[in-house]
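Contents: one structure, followed by commentary.
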Amino acid sequence: MKHYISSSILNHSLLIPTVMVFLSPGTINDFMRSIGKIWVVVAALLIIFIGIVVFLFLLEKRISKLENDLDNE
């Protein structure tokens, strides 16, 4: 459970600055929106984030299984 909390905190600490970049007014954001590429960037970040979350979930599942196997021995 400790690992889940620390990885959750890490994910949120990485997500908040990313969201702030997209919400803040600026020349890069306006430029990306004007040429329509902002959705490509958002989709890429979403795919990467979902991949990381799935990886962490599967890793936690494997670690829990190994911990249970060690406890049963």
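Key figures for this structure:
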read-out: Filtered residue count, segment 46-73, keeping only those that are in contact (Cβ under 8 Å) with a residue 12 or more places away in the chain and either in contact with a Phe, Trp or Tyr (Cβ under 9 Å, 6 or more places away or on another chain) or among the aromatic types (Phe, Trp, Tyr) (or both); value: 3
read-out: Listing of helices (runs of 4 or more DSSP H) fully contained in the chain that carry 1 or more residues being of a type outside the set (A, V, I, L, M) and modelled with pLDDT of 95 or more; value: 38-72
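The values are calculated or read from the model by the stated rules, or taken from the named source; none is laboratory data. In this text the structure is predicted, and so the values were computed from the model without any measurement. In this analysis, Cβ positions are derived from the backbone assuming ideal geometry, glycine residues included, and neighbour counts consider all displayed protein chains.
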